[in-house]
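Written out below as structure tokens is the structure these notes cover.
The values are calculated or read from the model by the stated rules, or taken from the named source; none is laboratory data. Quick caveat: nothing in here was measured; it's all calculated off a predicted structure. Every residue, glycine as well, gets a Cβ built from its backbone with ideal geometry; the counts of neighbours run over all protein chains shown.
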Amino acid sequence: MNFSPVNSQQPAPALETALEKHFGFNQFRPGQREVVERLLNGESAVAIFPTGAGKSLCYQLPALLLPHLTLVVSPLLALMKDQIDFLQSRGIAAARLDSSLSRTDYDAILNQARQGQLKILMISVERFRNERFRAQLMRLKLSLLVVDEAHCISEWGHNFRPEYLKLPQYRQEFALPQVLLLTATATPEVRQDMCQKFAIPAQNVTLTGFYRPNLNLQVTPLAEDKKIAHLQARLLATPQAPTIVYVTLQKTAEWVAAELSQAGLPARAYHAGLESSEREQIQNAFLAGECPCVVATIAFGMGIDKADIRRVIHYDLPKSIENYSQEIGRAGRDGKESRCEVLVNRQRVSVLENFVYGDTPSLVSLQGLLNEIKGHPEPLWEVKLRSLSQAFDIRELPLKTLLVYLDLRGILSPKYTRFDDYSLKFNRPVEAIMDQFQGERRDFVAAIFDAAETKRVWSRIPIDKVQANYDRADRQRVIVALDYFAEKGWIELETKQAVEVFEISDQSFDPKHLARELAAVFADKEITEVARIAQILALFESPSCLSARLAAYFGENISQNCGHCSVCLTGAAEIPPFEALAPLTAEKLTELCLGLPEKLGPHDSLGLRCKMLCGISTPLGTRLKLKQLPAFGALEQYPFAEVRAALRPFFAN
């Protein structure tokens, strides 16, 4: 498709005027003007700025100056909420669509978008497959597609999201004229991949550099049992300084927060195991300065607009150099000096590696899923991802990755996400709604309401029943009609039970052969991810300037050493060697596995036992409630490969 330029370029003084009027800034930060001008001139662009360097303004200002709606794809709900709150506080018409909204709010936002009353709409990438949203999107006038955290589109990146691979296709499908890709962490390889997928020329990439002179990077080698005392002493020096302490596990977040609180340091644990309302309360308290320290797993901090974070301390090893760069980037956004410290040893490296192994599907799981597709009798394959995940014991993220791989091999073609359950509540009498229509359209509306299955207040609409009773009622027409009724305020509409619909394009594959091929692909990814952990250790052991090494990783060469990292000040860190663990004897393993064959039943396998003992959750393990067993995670300090080798004789026969 040939996208024509918008050609809305503003003269230089007008841009400064708009910047001050809408955002209160009297000048652009480095790189911002270049990106904004490119977009207003009808071009697509890539902005690679460090965390906190003003990437968001690169789409927010153009969105106000472009004629139609700007659609922003963001990977995190918290990120959307923070940015929408900021925009609305500036009087900018912006909204988000996510699962937390009531149906009334969802419908109101879509109505605003249709009426041209919104300038910015934020969504998740999964929203593009929602059949109701797709029908609405066709009716919207759009100027710009923004992809936040755009490195997620690259399999070379550290946070690959398989759904992102479909974004170039969605751009074509919905005729989005321009694209802006935003990220803080993209190596040269990832940048090239991003540009290629969206056909953006290299000269349209704006890269402002990764080195931030106000961040003092420090590596502190410590044995595991010495870390908590060091952390307490560090925080007691300035207890009110806003601080994020990053850990790997939820239970570590709870324990560290409790230890800090006991030492008189107000701290809260933040992780995915908490209710969303509690996470929001903790985040708001941190932003308001009411809670100076948050001990968190890695999701905390994405998009948080807090400029005065003085310390980012990694209690546990970061999972990659990209993650480390993102996380320390949350410190010192006000330009003032801030400490970024890592408490490092090799004792818990296996915990990080085990997360990687948990995402690798077994050969049995892969072949089982492929047999399912091979033997499916219909061209359309309809599945609920959670059920599929549990049935074949594949985590949802690698399952989505697997489905994308099958798409790329021409076996599956994703069609849309539909809902099993459409329910409505009448705000007007049925006859009053039907009176709005005449002739065939009235007959069609009558067919919808005649099929309704009413229970007290809500009525379920079985679309297949409508189609069976009325030959001109195709599914899309019924959905558009229901949305129209909701738009008019005649009904409230709810959708439940998402079903992913795929078309099976090719069933000629050999499940055994393809399973082995895909297992090799996942094994390669496993090797790559484990290598990322080795890379971060190598960075922290570096004999040269940490700031310079970090910048070089992302393709930036700074002319001289920073002079203020721990290597420049005191020399290279000597990370303590891994402390020898007790041998995994047959007696110890027999004791740990006592009763497991009965508990696991037909699911008992080498892979499942290894994952359970190493503390790796799987869908099947969750269903079997393996976390409740004393043996769960008993060997989390041991390398996965060592546990597997020690357990293999138990399955020799």
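Taking Gln203 as meeting all but one of (1) without any contact (Cβ under 8 Å) to a residue 40 or more places away in the chain; (2) assigned by TED's automatic domain parsing to the domain that holds Gly335, write down the number of the exception.
Unmet condition: (2).
Just to be sure before I move on: is Leu144 in contact (Cβ under 8 Å) with a residue 12 or more places away in the chain and under 25 Å from Arg475 (Cβ atoms) in the structure I sent?
Here the answer is no, as Leu144 does not meet what is asked.
Let me spell it out: the conditions are (1) among the polar types (S, T, N, Q); (2) crowded, with 16+ Cβ neighbours inside 10 Å; (3) at pLDDT 90 or above, and Thr51 meets all of them except one. Which number is the exception?
Evaluating Thr51 over (1) among the polar types (S, T, N, Q); (2) crowded, with 16+ Cβ neighbours inside 10 Å; (3) at pLDDT 90 or above leaves (3) as the failure.
Would you check which residues across the stretch 13-56 are of a type in the set (Phe, Trp, Tyr) and within 20 Å of Lys336 (Cα to Cα) and list them?
Within the stretch 13-56, the first condition is being of a type in the set (Phe, Trp, Tyr), and the residues that meet it are 23, 25, 28, 49.
Residues satisfying the conditions are Phe25, Phe28, Phe49.
Could you tell me whether any residue of the stretch 119-128 is in contact (Cβ under 8 Å) with a residue 60 or more places away in the chain, closer than 25 Å to Val478 by Cα and in a helix (DSSP H, G or I)?
Yes; the residues of the stretch 119-128 include at least one that is in contact (Cβ under 8 Å) with a residue 60 or more places away in the chain, closer than 25 Å to Val478 by Cα and in a helix (DSSP H, G or I).
In the list Pro649, Pro630, Pro597, which residue meets the criterion of being in contact (Cβ under 8 Å) with a residue 40 or more places away in the chain and surrounded by fewer than 14 Cβ atoms within 10 Å (Cβ to Cβ)?
Pro649
Pairs needed: first member in the stretch 345-357, more than 18 Å from Thr618 (Cβ to Cβ); second member anywhere, outside any loop (DSSP other than H, G, I, E, B) and among the acidic types (Asp, Glu); C-beta distance under 7 Å; at least 6 residues apart or different chains.
These pairs meet every condition: Asn345/Glu224; Gln347/Glu224; Arg348/Glu224.
Take the stretch 207-217 and flag every residue that is surrounded by fewer than 20 Cβ atoms within 10 Å (Cβ to Cβ) and either hydroxyl-bearing (Ser, Thr, Tyr) or more than 25 Å from the chain's Cα centre (by Cα) (or both). Explain how you work it out, then say what you get.
Initially, the stretch 207-217 is screened for residues surrounded by fewer than 20 Cβ atoms within 10 Å (Cβ to Cβ), giving 207-209, 211, 213-214.
Answer for the stretch 207-217, where residues must be surrounded by fewer than 20 Cβ atoms within 10 Å (Cβ to Cβ) and either hydroxyl-bearing (Ser, Thr, Tyr) or more than 25 Å from the chain's Cα centre (by Cα) (or both): Thr208, Tyr211, Pro213, Asn214.
Name the residues in the stretch 613-653 that are part of a loop (DSSP other than H, G, I, E, B) and under 17 Å from Glu591 (Cα atoms), would you?
Step one: of the stretch 613-653, the residues part of a loop (DSSP other than H, G, I, E, B) are 614-618, 624-625, 629-639, 652-653.
Cys614, Gly615, Leu629, Pro630, Ala631, Phe632, Gly633, Ala634, Leu635, Glu636, Tyr638, listed by residue number.
Being over 23 Å from Tyr324 (Cα atoms), basic (Lys, Arg) and either at pLDDT 90 or above or assigned to a helix (DSSP H, G or I) (or both), is that true of even one residue in the stretch 545-553?
no
I'm told Asp407 meets every condition in (1) touching a Ser or Thr at 6+ places or on another chain (Cβ under 8 Å); (2) closer than 30 Å to Val219 by Cβ except one. Can you identify the failing condition by its number?
Exception for Asp407: condition (2).
Give the residues of the stretch 600-612 that are assigned to a loop (DSSP other than H, G, I, E, B) and either within 23 Å of Leu249 (Cβ to Cβ) or free of Cβ contacts under 8 Å to residues at least 24 places away in the same chain (or both), sorted by residue number. If you could, list the steps in order and put the result at the bottom.
Restricting attention to the stretch 600-612, the residues satisfying the condition of being assigned to a loop (DSSP other than H, G, I, E, B) are 604-605.
Asp604, the sole residue that qualifies.
Looking at the stretch 77-97, can you tell me whether even one residue there is of a type in the set (Gly, Ala, Ser), surrounded by 19 or more Cβ atoms within 10 Å (Cβ to Cβ) and touching an Asp or Glu at 6+ places or on another chain (Cβ under 6 Å)?
no
Return a yes/no flag: does the stretch 421-438 have any residue that is small (Gly, Ala, Ser), touching a residue at least 12 places away in the same chain (Cβ under 8 Å) and on the phi > 0 side of the Ramachandran plot.
Checking the stretch 421-438: not a single residue is small (Gly, Ala, Ser), touching a residue at least 12 places away in the same chain (Cβ under 8 Å) and on the phi > 0 side of the Ramachandran plot.
Given the structure, is Gln535 within 18 Å of Leu412 (Cβ to Cβ) and either at pLDDT 90 or above or touching a strand residue (DSSP E or B) at 6+ places or on another chain (Cβ under 7 Å) (or both)?
Values: within 18 Å of Leu412 (Cβ to Cβ): no; either at pLDDT 90 or above or touching a strand residue (DSSP E or B) at 6+ places or on another chain (Cβ under 7 Å) (or both): yes.
No, not satisfied.
In the stretch 451-478, what count of residues is obtained for those that are surrounded by 18 or more Cβ atoms within 10 Å (Cβ to Cβ) and among the polar types (S, T, N, Q)?
Matching residues across the stretch 451-478 total 1.
State which residue is farthest from Thr401 (Cα to Cα) when the search covers only the stretch 111-141 and only residues that are aliphatic (A, V, I, L, M) and buried (at least 20 other Cβ atoms within 10 Å of the Cβ).
The residue in question is Leu118.
Failed condition for Arg516, given (1) buried (at least 18 other Cβ atoms within 10 Å of the Cβ); (2) closer than 20 Å to Lys374 by Cα, with all others met?
(1)
Being more than 24 Å from the chain's Cα centre (by Cα), over 30 Å from Ala452 (Cβ atoms) and crowded, with 21+ Cβ neighbours inside 10 Å is the requirement here; does Leu369 meet it?
Yes, satisfied.
With respect to Ser542, is the statement that it is within 30 Å of Leu352 (Cα to Cα) and touching a helix residue (DSSP H, G or I) at 6+ places or on another chain (Cβ under 6 Å) true?
Yes; evaluated as a whole, the condition is true for this residue.
Residue check: is Gly329 in contact (Cβ under 8 Å) with a residue 24 or more places away in the chain and touching a Pro at 6+ places or on another chain (Cβ under 7 Å)?
Yes; evaluated as a whole, the condition is true for this residue.
Of the residues in the stretch 464-516, how many are part of a strand (DSSP E or B) and either modelled with pLDDT of 85 or more or of a type outside the set (S, T, N, Q) (or both)?
Residues in the stretch 464-516 being part of a strand (DSSP E or B) and either modelled with pLDDT of 85 or more or of a type outside the set (S, T, N, Q) (or both): 12 in total.
Would you check which residues across the stretch 8-22 are at pLDDT 85 or above and touching a helix residue (DSSP H, G or I) at 6+ places or on another chain (Cβ under 8 Å) and list them?
Leu15, Ala18, Leu19, His22
Determine whether Val295 is closer than 30 Å to Val190 by Cα, touching a helix residue (DSSP H, G or I) at 6+ places or on another chain (Cβ under 8 Å) and either modelled with pLDDT of 90 or more or not in a loop (DSSP other than H, G, I, E, B) (or both).
Answer is no for this residue.
I'd like the residue in the stretch 82-111 that is part of a helix (DSSP H, G or I) and touching a residue at least 60 places away in the same chain (Cβ under 8 Å) and, out of all such residues, is farthest from Pro168 (Cα to Cα).
Thr104
Considering only residues of the stretch 31-57 that are of a type in the set (Lys, Arg) and more than 22 Å from the chain's Cα centre (by Cα), which is nearest to Leu144 (Cα to Cα)?
Arg38
Taking the stretch 600-627 as the search range and keeping residues that are small (Gly, Ala, Ser) and buried (at least 20 other Cβ atoms within 10 Å of the Cβ), which one is nearest to Leu581 (Cα to Cα)?
The initial filter retains those residues of the stretch 600-627 that are small (Gly, Ala, Ser), namely 601, 605, 607, 615, 617, 621.
Pick out the ones that are also buried (at least 20 other Cβ atoms within 10 Å of the Cβ) and you get 607, 615, 621.
Details: Gly607: 22, Gly615: 17, Gly621: 26 Å.
Restricting to residues being small (Gly, Ala, Ser) and buried (at least 20 other Cβ atoms within 10 Å of the Cβ), the top hit is Gly615.
Looking at (1) under 25 Å from the mean Cα position of the chain (by Cα); (2) crowded, with 17+ Cβ neighbours inside 10 Å, which one does Lys415 not meet, given that it meets all the others?
(2)
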